[in-house]
Amino acid sequence: MAKQVLQVQGLNITIESIQDEDYVSLTDIAKQSKAQKPAYSILNWIRNQNTLLYLETWERVHNPNFNVVQMHNFRLQAPDNRANISPKTYISATNAIGIISKAGRYGGTFAHSDIALEFCTWLSPAFKVYLYKEFKKLKEQEAQRQSLEWHISKITDNVEEIRNLLDTIPGQTADRNRLK
């Protein structure tokens with residue numbers, strides 16, 4: 001799991017690559033709201049009716065093993081102020097893949113980039129604009145790096161083909177066509 005850190009309005013936002021998908025730290029995003037602890041912001045967001053509807057739709061599109069029946073139960077519980085829908089409860093009950101909850105010192109709640117941007121919309125639409133701008137810049141840099149790596153690999157392959165071709169010329173030795 002490769003970790004990267006984005007600097008957004010003075011906050012470090014951790015992004016982890018998990019199974020070739022970007023998961024953004026909701027815990028880091030929630031720190032921009034000084035009103036309450038990040039965990040409380042995430043708890044309040046996840047039990048919101050619109051959030052649950054969004055998460056259900058996202059999971060149905062991306063997760064064939066999603067437990068729709070349990071999600072329906074969560075949506076029925078959400079209007080009750082006593083409802084306790086934590087990320088861990090949600091993940092284990094619904095078999096969700098869009099949100100990941102980690103315990104420990106470097107833990108926190110991470111969500112697929114689509115879901116993280118939805119969290120930003122709920123928490124602070126202005127912050128979402130800045131996060132999206134930095135995230136897009138990061139993705140462009142990654143694409144340039146991958147393109148460069150692809151070109152270098154093509155050049156290396158072509159050099160190897162030329163060496164092999166030179167080796168077929170009568171009177172040539174393989175040692176002559178190699179760098180030492």
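Taken together, the values in this text are just the output of simple stated rules run on the coordinates, not laboratory data. Remember, predicted model here, so these are calculated numbers, not experimental data.
See the values below:
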read-out	value
Calculated [θ] (222 nm, deg cm²/dmol) that DSSP helices of n ≥ 4 give over the chain, each run adding -39,500 (n - 2.57)	-18000 deg cm²/dmol
Length added when fully stretched, Ser92-Trp122, from 0.36 nm per residue minus Cα-Cα	8.4 nm
Read-out mean projected area of the Cα convex hull in nm², derived from the coordinates shown; its label in (i) 22.0; (ii) 11.6; (iii) 15.3	(iii)
Nearby aspartates and glutamates by direct alpha-carbon distance to Lys3 (threshold 18 angstrom, same-chain neighbours under 8 apart not counted)	Glu16, Asp20, Glu21, Asp22, Asp28, Asp114, Glu134, Glu140, Glu142
Cα-based helix-to-principal-axis angle, 113-123 vs the chain, degrees rounded to 10	40 degrees
Net lengthening on full extension, Val129/Asp20 (0.36 nm per residue, minus Cα-Cα)	36.9 nm
Isotropically averaged projected area of the range 68-132, using the convex hull of Cα atoms (one quarter of hull area), nm²	5.5 nm²
Extension reserve of the Asn84-Gln144 stretch, reckoned as 0.36 nm per residue once the Cα distance is removed	17.2 nm
Tilt relative to the chain, helix 68-77 - C-alpha long axis, 0 to 90 degrees, to 10	40 degrees
Cα gyration tensor category, rounded, prolate or oblate, for the range 1-51 with a/c compared to 1.5	oblate
Links that overshoot a 25 Å alpha carbon limit, given the list Lys37/Lys139; Lys31/Lys102; Lys88/Lys137	Lys37/Lys139; Lys88/Lys137
Paired Rg and Dmax values of the range 39-92, which use every Cα atom, in angstrom	10.6, 31
